[in-house]
Amino acid sequence: MGGEVPEPRKMSLALSFGCGGVPEEALHLVFGYVDDPRDREAASLVCRRWHRIDALSRKHVTVGFCYAAEPARLLARFPRLESLALKGKPRASMYGLIPDDWGAYAAPWLAQLAAPLQCLKAVHLRRMTVTDEDVGVLVRARGHMLQVLKLDKCSDFSTDALRLVARSCRSLRTLFLEECAVTDKGSEWLHELAVNNSVLVTLNFYMTDLRVEPADLELLAKNCKSLISLKMSESDLSDLIGFFQASKSLQEFAGGAFSEVGECTKYEKVKFPPRLCLLGGLTFMGKDEMPFIFPYSAILKKLDLQYTLLTTEDHCQLIAKCPNLLVLEVRNVIGDRGLEVVAETCKKLRRLRIERGADEDPGQEEQGGVSQLGLTAVAVGCRELEYIAAYVSDITNGALESIGTFCKNIYDFRLVLLDKQNQITDLPLDNGVRALLRNCTKLRRFAIYLRPGGLSDVGLGYIGLYSGNIQYMLLGNVGESDSGLIQFAMGCTNLRKLELRSCCFSERALAVAVLQMPSLRYIWVQGYRASQTGQDLLLMARPYWNIEFAPPSPETANRMMADGQPCVDTYAQVLAYYSLAGRRPDCPQWLVTLHPA
């Protein structure tokens, strides 16, 4: 009893042999429970029948790079899509490293897909160039059934497009415009949305320059009883009293400002809705305004203090009252003392983001500054962490080892070592990086931007050796030579996306490294030993592999290192990616397409 091995079930046996005896309806039901795109991809390769069922049952597709595929091919492969996400410009565009005329136009995608995809209900465009005409094409074709429209860090459209969306998309549940460059032609779009929509759940125009009328927000809250999230452009909190009173279901808010610092009596009547637990923005909030948050602190699950005027001590006082935080976003003025309070108080914390302080206000950072002491405290005290992104002034191998030892659930880790401090305690960070990667087995995204000498070739080899599950990586100022890069590449079997900045590698080494990474689909490099023509990059040329090259600046054209190699040029860029669409037709003149010729 209990020792016999049971016979495999007939269903399992049938599945293992291509499901010849499984009814079509059953397979459709099974596929409906498979959400991970890589699992879907693997299942679609089993046999033609599974491939067809995957095509007909796939509800959502994310195109990781808009030039990697053609709209027509996507339509033919997945004719019943309900949701489409499309990513455009490289991430570097968020930091001003990509010119505005780079490309990533939404027009061909929306023109070819909006009408034929008759089940389409959700569209998410990220870092794309979107015009009013593009939005018009989408609305005219799918406006009657569109439920989700996300324009994330997009540009080139105006509030005219938003007004059309508000008038026509009456089933819209999510409108997302965060960090978009929108031309403001008036606030009528929000009034139209308030009048025409009664089912909106999420409205986000945070970090935009859009100006709206508080009366329209109040009307929206009254008509949309389902509204649970509002993230808006900067607006004085005293103007939102009526909105908060009408928003009984609101759980998330960001964008409020204390425009008149020191005038606390002005905000006495501001009361947040009873369900609010996700709070951000709070621009210009200082010590005098901080008690305004205290009554809600115990129920807060998310707190964003990046745009406040709080000192290190203020952070300590406020965070000590927030034991239930899951997400905390701050600037490095929080300091090591603030992070020690986080470690003592926020035992449930899942996500921690520490941005750099404003360069024009060095005084605040002098009060704080984050080092290995603060990160070690957080690692020991907040063992449920899944995401850490931090700008630090100092770091040690021991701090990274502590994160690897105690934070077993980390899936996304990002570290930037600032260059303001002359002396760093413990470089290179080879052993610390090795310990973190070896112990954090759930890690899927990894970014580390250091200073020269921060990671040797040995450490770079460790990253390759222990990054078997990582799919995205950004490395800056790492390694000492080309051999370190090659050793790194030989271990990255599952890496799909790689970004390199300010590294000492040659073009030839970059090309050879790419050929060593079998899963790589995308690589972007800025700051390396670039030639004027980029000819050595052609060593990585192969079918379906596009190579685009931005030449180095004329000022560094003839400068050489001591070894006779070109110097590291901060302007030269390389973008290479897997593509079924061939050479892109909208390449700007300053960008050279090396392959396909």
Please work out how much accessible surface Asp209 shows to a 1.4 Å probe, ignoring ligands, DNA and RNA, in Å² rounded to 10.
120 Å²
Determine the relative contact order of the stretch 410-569: mean sequence separation of Cα pairs under 8 Å and six or more apart, normalised by residue count, in whole percent.
16 percent
According to the square roots a ≥ b ≥ c of the eigenvalues of the Cα gyration tensor, what is the shape class of the stretch 80-210, taking rounded for a/c under 1.5, prolate for a/b larger than b/c otherwise, and oblate for the remainder?
oblate
Before I look further, what does the chain give for accessible area per residue, probe 1.4 Å, in whole square angstrom?
44 Å²
Taking R0 as 35 Å, what's the FRET efficiency between Phe294 and Lys408 from their Cβ-Cβ distance, rounded to 0.05?
0.55
Test of understanding: what is the full-extension gain from Val201 to Arg77, defined as 0.36 nm times their sequence separation minus their Cα-Cα distance?
41.5 nm
For the chain, what is the relative contact order in percent, using Cα pairs closer than 8 Å and at least 6 residues apart in sequence?
6 percent
Nearest-5 percent of antiparallel DSSP beta bridges in the chain?
20 percent
Here the gain from full extension of Arg52 to Asp426, 0.36 nm per residue of separation minus their alpha-carbon distance, amounts to 129.1 nm
Convert each backbone phi in the stretch 83-98 into a coupling constant with the Karplus relation 6.51 cos²θ - 1.76 cosθ + 1.60 (shift: θ = phi - 60°), then list the ³J(HN,Hα) values in order as whole Hz, x for Gly and Pro.
9, 9, 10, 9, 10, x, 4, x, 4, 4, 5, 5, 10, x, 9, 10
Among Lys408/Lys497; Lys222/Lys301; Lys150/Lys420; Lys321/Lys442, which pairs are too far apart, with a Cα-Cα distance over 29 Å?
Lys150/Lys420; Lys321/Lys442
Say each of Glu213 and Tyr544 gets a label point 7 Å from the Cα, pointing the same way as Cα to Cβ; how far apart are those two points in nm?
5.4 nm
Over the stretch 48-167, relative contact order from alpha-carbon pairs under 8 Å, at least 6 apart, %
23 percent
For the stretch 121-241, the percent of accessible surface on carbon and sulfur atoms (probe 1.4 angstrom, ligands and nucleic acids excluded) is 46 percent
Taking a ≥ b ≥ c as the square roots of the Cα gyration tensor eigenvalues, with a/c under 1.5 meaning rounded and otherwise prolate when a/b beats b/c, else oblate, which class fits the stretch 395-488?
oblate
Which of the chymotrypsin sites (Phe, Trp or Tyr not before Pro) across the stretch 31-87 are loop residues per DSSP, with 10 or fewer other Cβ within 10 Å?
Tyr33
For the chain, size of Cβ-based charge dipole, Lys and Arg +1, Asp and Glu -1, in debye:
2620 debye
Two pseudo-spin positions, 7 Å from Cα along C-beta at Ala111 and at Asp419, lie apart in nanometres by 4.3 nm
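The values are calculated or read from the model by the stated rules, or taken from the named source; none is laboratory data. As the structure is a prediction and not an experimental result, all values here were calculated from the model. A quick note on method: Cβ atoms are made from the backbone with ideal geometry, for glycine too, and the neighbour counts reach across all protein chains shown. Ligands, DNA and RNA are excluded from the accessible area calculation, which covers all protein heavy atoms including side chains. Shrake-Rupley method; radii C 1.70, N 1.55, O 1.52, S 1.80 Å.
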